[in-house]
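Trainee: Next up is a structure, given as structure tokens.
The values are calculated or read from the model by the stated rules, or taken from the named source; none is laboratory data. In this text the structure is predicted, and so the values were computed from the model without any measurement. Cβ placement follows ideal geometry from the backbone for every residue including glycine, while neighbour counts extend to all protein chains displayed.
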Amino acid sequence: MAKFVRFFFGALVGGGLGAIIGLLLAPRAGRETRDIIRDEVRNRYEASKEKAVHVVQDKTNEVKQKAAQLSSELEEAGRKAMDNNVVHAVQDKAAEFEQAGRRVMEGDQG
């Protein structure tokens, strides 16, 4: 993506400079040339602004999707951790009950 942005920026600057130089060297009246340059700058500015808005929107959507994915993964990991804690707690209590039962059985037999 960075290569595309650099290429786009270079093409934009190069095209702009080429257009300006071409207009300056064209056999027109000064007022007409200035009007053409002004119009061209406005057009390029608007096109660049629209492209920037699209790029920002695309990146925003990418970030939203990645955040949603990471949120889901984090939620799943939290559930698994909670499930593991519950399983370990149940296993610990079962072991305690088993030991208590053995003590009771040993006490009854003794």
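Trainee: Given (1) out of contact with any Lys or Arg (no Cβ under 9 Å at 6 or more places or on another chain); (2) in contact (Cβ under 8 Å) with a residue 24 or more places away in the chain, identify the lone condition not met by Phe8.
Mentor: Condition (1) is where Phe8 drops out.
Trainee: Would you check if there is a residue in region 72-94 being surrounded by 10 or more Cβ atoms within 10 Å (Cβ to Cβ), of a type in the set (Gly, Ala, Ser), at pLDDT 90 or above and under 20 Å from the mean Cα position of the chain (by Cα)?
Mentor: no
Trainee: State whether the residues of region 42-55 include one that is at pLDDT 80 or above, in contact with a Lys or Arg (Cβ under 8 Å, 6 or more places away or on another chain) and not aliphatic (A, V, I, L, M).
Mentor: No, because not a single residue in region 42-55 is at pLDDT 80 or above, in contact with a Lys or Arg (Cβ under 8 Å, 6 or more places away or on another chain) and not aliphatic (A, V, I, L, M).
Trainee: Suppose we filter Thr33, Thr60 for residues that are in a helix (DSSP H, G or I), among the polar types (S, T, N, Q) and under 41 Å from the mean Cα position of the chain (by Cα); which single one remains?
Mentor: Answer to the selection: Thr60.
Trainee: For the structure I just gave you, tell me whether Leu74 is of a type in the set (A, V, I, L, M), farther than 28 Å from Ala2 by Cα and in a helix (DSSP H, G or I).
Mentor: So Leu74 fits the description; yes.
Trainee: Inside region 24-75, can you point out the residues that are within 23 Å of Val13 (Cα to Cα) and β-branched (Val, Ile, Thr)?
Mentor: Scanning region 24-75 gives Thr33, Ile36, Ile37, Val41, Val53, Val55, Val56.
Trainee: Give the residues of region 10-20 that are farther than 11 Å from Arg44 by Cα and modelled with pLDDT of 80 or more, sorted by residue number.
Mentor: Gly10, Ala11, Gly14, Leu17, Gly18
Trainee: Right, next: Looking at Glu50, Glu40, Glu62, which is the one that is touching a residue at least 12 places away in the same chain (Cβ under 8 Å), surrounded by 10 or more Cβ atoms within 10 Å (Cβ to Cβ) and acidic (Asp, Glu)?
Mentor: Glu40
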